[in-house]
1. Points 7 angstrom from Cα along the Cβ direction at H218 and Q116: gap in nanometres?
2. How do the peptides 159-165, 109-115 rank, highest first, by the average count of neighbouring beta carbon atoms within 10 Å per residue?
3. Suppose the chain between K158 and Q99 were pulled fully straight at 0.36 nm per residue; how much longer would it get relative to their current alpha carbon spacing?
4. Return the FRET efficiency for the residue pair D206, K128: r is the Cβ-Cβ distance, R0 is 22 Å, and the value is rounded to the nearest 0.05.
5. Do you know the relative contact order of the stretch 3-202, to the nearest whole percent, from alpha carbon pairs under 8 angstrom that are 6+ apart?
6. Convex hull volume of the Cα atoms in the stretch 3-202, per residue, in Å³?
7. What accessible area per residue, rounded to a whole number of Å², is obtained for the chain using a probe radius of 1.4 Å?
8. Once fully extended, how much extra length lies between Q182 and K5, figured as 0.36 nm per residue of separation less the alpha-carbon to alpha-carbon distance?
Amino acid sequence: MMEMKLLITGFDPFGGEAINPALEAVKLLPDTIHGAQIVKAEIPTVFGKSAAIVAEKIEEIHPDVVLNIGQAGGRFAISPERVAINVDDARIPDNEGNQPVDEAIQTEGKPAYFTQLPIKAMVENMKKAGIPAAVSNTAGTFVCNHIMYQVQYMIDTKYPEMKGGFIHVPFIPQQVVDKAGQPAMSIEDIAKGLTAAVEAIVDYADKEDLKAIGGAIH
């Protein structure tokens with residue numbers, strides 16, 4: 001079996017934050033996980049441009065899996081996303097001042113795409129590693145959902161053999177010093193969780209996801 005290759009991206013800081021835990025945790029990941037090669041890349045929190053950079057990297061390295069990581073301040077757990085929806089609806093401007101409202105990401109694209117990644121197994125493996133984890137059923141409508149959707153659109157239209165997915169991570173402690181009541185997770189724990197998630201991606205490369213309960217009532 002050929003060595004698996006994963007492209008893992010982290011966004012730069014946005015929304016007035018000085019740091020993005022997604023990017024910092026990606027930097028801490030090992031270069032190989034369970035025998036799979038890990039290629040890391042920083043991408044800008046910018047509609048359109050983020051996807052163009054990921055498209056270039058895909059052409060360059062031909063990964064088996066594209067995994068994008070982003071910050072979801074306010075979440076307690078590391079959360080693999082189940083679905084990306086075909087809408088940009090920005091509550092705040094991106095890092096270049098773009099603020100699309102109710103715009104389709106791809107006019108020819110499907111209303112939504114589901115990840116090909118074994119999100120239940122990823123959550124179980126993170127929990128096994130002692131890291132809070134949960135399936136998420138909304139990636140929002142900002143650049144995180146945008147990049148997840150764009151990668152899925154590329155898979156749908158150009159790279160049928162490739163798999164794609166997105167993981168949201170919590171704030172780190174230094175970001176919540178002045179945010180009362182907000183959960184945080186250390187950068188090391190986020191990296192540990194992401195490593196466990198990638199282990200599951202590699203281990204489940206050729207089998208069905210776990211049938212574990214991971215649904216939400218709301």
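1. Computed distance between label sites H218 and Q116 equals 3.6 nm.
2. Those peptides, ordered most packed to least, come out 159-165, 109-115.
3. Value of the extension gain: 18.5 nm.
4. Once rounded, the FRET efficiency stands at 0.60.
5. Taking the mean separation of contacting Cα pairs over the length of the stretch 3-202, I get 30 percent.
6. Taking only Cα atoms, the stretch 3-202 has a hull volume of 105 Å³ per residue.
7. Per-residue value: 47 Å².
8. 60.2 nm
The values are calculated or read from the model by the stated rules, or taken from the named source; none is laboratory data. Keep in mind it's a predicted model, so treat the numbers as computed, not measured. Neighbour counts run over all protein chains shown; Cβ positions are idealised from the backbone, glycine included. SASA here: full protein model, heavy atoms, side chains in, ligands and nucleic acids out. Shrake-Rupley method; radii C 1.70, N 1.55, O 1.52, S 1.80 Å.
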